[in-house]
Amino acid sequence: MKRVYYDLHLHSCLSPCAGDDMTPNNIVNMALLLGYNMIAVTDHNSCRNAPAVAKAGAANGLAVVPGMELCTQEEAHVICLFPTVEAAMEFHRYVAQRIPKIRNRPEIYGRQIVMDEQDVMVAEEETLLLNAADISVNHVREAVCGFGGTAFPAHVDRNAYSVIASLGSVPQEAGFTAAEISAKGDVQALLRSNPELLGRILLRNSDAHYLEDMPEPSASVLLSENTPECLIAALDGKIETEWDRG
Ligand SMILES: [Zn+2]
Ligand SMILES: [Zn+2]
């Protein structure tokens, strides 16, 4: 088993609210410099930078999980992770048909930059990625599993854009095996207020939008292989492992 230091919630320059210097190579190099073994790229409602980040990671020896931070019907954020870039892009197309076609206004919301693995800009996403998709909290995990991935609610302890902020609790019928607590969140307080999370995997990720917000690694997991497939199996409870929130 390998101890894998991970950060499964990072935004690239495709997210309007993230820094334009969150380029594929900057993210990968910063993660390696800090000592991570695995990262996930999780832009709002889009996977368009996942191919470039995955290629940059592969070229530099960093495991990259292609992902998305989906904004559900209820305005709750859910992290969706996929075993391959192809699976992520299929899910991306599924989501693209379910978000409102409202144009981004870069001067207000920020730019949405799509890059290749050389950090060359190849496109600018025109649809604003911050709106709620027509997918409900109770159906997102099932939908993601249909593409071979897994999903867990993001920053559940936050009082905006979280499943708990929107619904009061994490519904059993949503089927989540894991949940993310924000970087400085209080696990004991969360479990007291939301005992439905007892027994689920609680992950701590950074949700960094800027390079300087990427923290030193602390959370880790023991995996037989440092791959997205293995991580997803561990998150789904299909293989035995050990999680350390650091
Ligand atoms: Zn979020
Ligand atoms: Zn986020």
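Of the numbered conditions (1) over 15 Å from the mean Cα position of the chain (by Cα); (2) under 21 Å from residue 45 (Cα atoms); (3) crowded, with 17+ Cβ neighbours inside 10 Å, residue 230 fails exactly one; give the number of that condition.
For residue 230, the exception is condition (2).
Can you name every residue in region 146-192 that is free of Cβ contacts under 8 Å to residues at least 40 places away in the same chain and part of a helix (DSSP H, G or I)?
146, 164, 172, 173, 174, 188, 189, 190, 191, 192
Of all residues in region 159-184, which are surrounded by fewer than 17 Cβ atoms within 10 Å (Cβ to Cβ), modelled with pLDDT of 95 or more and within 18 Å of the chain's Cα centre (by Cα)?
160, 175, 177
Starting from residues that are of a type in the set (Gly, Ala, Ser) and under 22 Å from the mean Cα position of the chain (by Cα), keep the ones in region 192-207 and report whichever is farthest from ligand 1 (Cβ to nearest atom).
199
For residue 62, all conditions in the list (1) crowded, with 21+ Cβ neighbours inside 10 Å; (2) without any contact (Cβ under 8 Å) to a residue 40 or more places away in the chain hold save one; what is the number of the exception?
(1)
Report, ordered by the first and then the second residue, all pairs with beta carbons closer than 8 Å, sequence separation of six or more or different chains, a first member in region 25-38 that is free of Cβ contacts under 8 Å to residues at least 60 places away in the same chain, and a second member that is among the aliphatic types (A, V, I, L, M).
28/39; 28/53; 28/56; 28/62; 28/64; 32/62
Looking only at region 144-153, decide whether some residue is touching a strand residue (DSSP E or B) at 6+ places or on another chain (Cβ under 6 Å), farther than 28 Å from residue 189 by Cβ and modelled with pLDDT of 95 or more.
Scanning region 144-153, I find at least one residue that is touching a strand residue (DSSP E or B) at 6+ places or on another chain (Cβ under 6 Å), farther than 28 Å from residue 189 by Cβ and modelled with pLDDT of 95 or more, so the answer is yes.
I need every pair where a residue in region 107-123 that is among the aromatic types (Phe, Trp, Tyr) has its Cβ under 8 Å from the Cβ of a residue that is modelled with pLDDT of 95 or more, sequence separation at least 6 or different chains.
109/16; 109/17; 109/128; 109/130
Of the residues 115, 89, 121, only one is over 18 Å from residue 42 (Cα atoms) and more than 16 Å from ligand 2 (Cβ to nearest atom); which?
After applying the criteria, what remains is 121.
Give the residue, chosen from 240, 212, 216, that is farther than 20 Å from residue 80 by Cα, touching a Leu at 6+ places or on another chain (Cβ under 7 Å) and exposed (fewer than 15 other Cβ atoms within 10 Å of the Cβ).
So the residue among 240, 212, 216 that is farther than 20 Å from residue 80 by Cα, touching a Leu at 6+ places or on another chain (Cβ under 7 Å) and exposed (fewer than 15 other Cβ atoms within 10 Å of the Cβ) is 216.
With a cut-off of at least 1 residues that are within 16 Å of ligand 1 (Cβ to nearest atom), of a type in the set (S, T, N, Q) and touching a strand residue (DSSP E or B) at 6+ places or on another chain (Cβ under 6 Å), name the strands (runs of 3 or more DSSP E) lying wholly within region 10-118.
In region 10-118, 38-44 are the strands (runs of 3 or more DSSP E) which contain 1 or more residues that are within 16 Å of ligand 1 (Cβ to nearest atom), of a type in the set (S, T, N, Q) and touching a strand residue (DSSP E or B) at 6+ places or on another chain (Cβ under 6 Å).
The values are calculated or read from the model by the stated rules, or taken from the named source; none is laboratory data. The shown structure was predicted, so the numbers you read here are calculated from the model rather than taken from an experiment. A quick note on method: Cβ atoms are made from the backbone with ideal geometry, for glycine too, and the neighbour counts reach across all protein chains shown.
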